[in-house]
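The values are calculated or read from the model by the stated rules, or taken from the named source; none is laboratory data. Because the structure is predicted, anything quoted here is derived from the model rather than measured. Cβ placement follows ideal geometry from the backbone for every residue including glycine, while neighbour counts extend to all protein chains displayed. With ligands, DNA and RNA removed, areas are computed over all heavy atoms of the protein, side chains included. Shrake-Rupley method; radii C 1.70, N 1.55, O 1.52, S 1.80 Å.
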Amino acid sequence: NVPLALQVAGASFTLPTGGLGTVPSSATAASLNITVVNPAASGFITVWPCGVNRPLASNINFEAGTIIPNGVIASLGSDGAACLYSSVETDVVVDLAGWFATEAYFGATPTRLVDTRDGTGAPLGLTNTAAPIQVPVAGLPVTSALGELTAIPSDVGAVALNVTAVTPTGPGYLTVWPCEDARPNASNLNFMAGDVIANGVIAPAGDSGVVCAFSSVPTDLIVDLAGWFPGETFT
């Protein structure tokens, strides 16, 4: 399938005050809501900066005939565009919520940090409800949105993730938080048994630079990195 190039830099939009504005060429990423409408079969959507190869990552997982959205922080390539790929034929709706300027957010080529189905970044097999999965992010080697090798700084404030629950054993929820803190009474993703469902998450990294992911029931879990916020700009 040929990816769809979403030209964000230069796009016109309506300001909260009602006037017209234009996304600047200096934008490094965009906050999008992407909706899959009536796909022909089960599949997934991947969004990444145009100009680099499509990564092993997903932003939305869906079943045939469904209508399902997800919030995505999409890194932009050097031409100010994000590419969208669907593994099967489907209609898509893309809404722009805003954008990030240079130094406020650092976009990465999406990187798979955890996949319990093959043991990437975590023990192989379903999650253990007695112990969260720990995901170190500070100092992590990554590829920038422009395809250059770099690393997440040690003082990272937060990371933009996409988390996916894959065929959980029952209804439940997923919580993501900085490991140094007690697990909060909050959820980032809710699911039913057998679902394959994702959500975009902005997760504070804390002083330790390690993010925890807890599932209330056993499930396979996928965590993909989209980018990060420097400590001085994230509170």
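Looking at (1) at pLDDT 95 or above; (2) under 24 Å from GLY157 (Cβ atoms); (3) of a type outside the set (Asp, Glu), which is the one condition that is false for TYR105?
(1)
Do we find a residue being within 25 Å of PHE214 (Cα to Cα), aromatic (Phe, Trp, Tyr), in contact with a Ser or Thr (Cβ under 6 Å, 6 or more places away or on another chain) and open to solvent by less than 70 Å² (accessible area, probe 1.4 Å) anywhere in region 77-88?
No; the residues of region 77-88 include none that is within 25 Å of PHE214 (Cα to Cα), aromatic (Phe, Trp, Tyr), in contact with a Ser or Thr (Cβ under 6 Å, 6 or more places away or on another chain) and open to solvent by less than 70 Å² (accessible area, probe 1.4 Å).
With respect to VAL47, determine if the residue is of a type outside the set (Phe, Trp, Tyr) and modelled with pLDDT under 95.
No: the conditions fail for VAL47.
So, in region 114-132, exactly how many residues are outside any loop (DSSP other than H, G, I, E, B) and either touching an Asp or Glu at 6+ places or on another chain (Cβ under 6 Å) or open to solvent by 20 Å² or more (accessible area, probe 1.4 Å) (or both)?
3
Residue-by-condition table, conditions (1) among the polar types (S, T, N, Q); (2) modelled with pLDDT of 95 or more:
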{"position": "ALA101", "(1), (2)": "no, no"}
{"position": "THR116", "(1), (2)": "yes, yes"}
{"position": "ILE133", "(1), (2)": "no, yes"}
{"position": "PRO141", "(1), (2)": "no, yes"}
{"position": "ASP155", "(1), (2)": "no, no"}
{"position": "THR164", "(1), (2)": "yes, yes"}
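Which fully enclosed strands (runs of 3 or more DSSP E) of region 148-233 have 1 or more residues being farther than 29 Å from GLY77 by Cβ and either under 16 Å from the mean Cα position of the chain (by Cα) or of a type in the set (Phe, Trp, Tyr) (or both)?
Per the criteria, 156-166, 172-178, 189-191, 210-215.
Among the numbered conditions (1) open to solvent by 70 Å² or more (accessible area, probe 1.4 Å); (2) in contact (Cβ under 8 Å) with a residue 40 or more places away in the chain, tell me where PRO16 comes up short.
That leaves (2) as the condition not met.
Which of (1) assigned to a strand (DSSP E or B); (2) open to solvent by 40 Å² or more (accessible area, probe 1.4 Å); (3) within 20 Å of GLY71 (Cα to Cα) does THR143 not meet, given it meets every other one?
(3)
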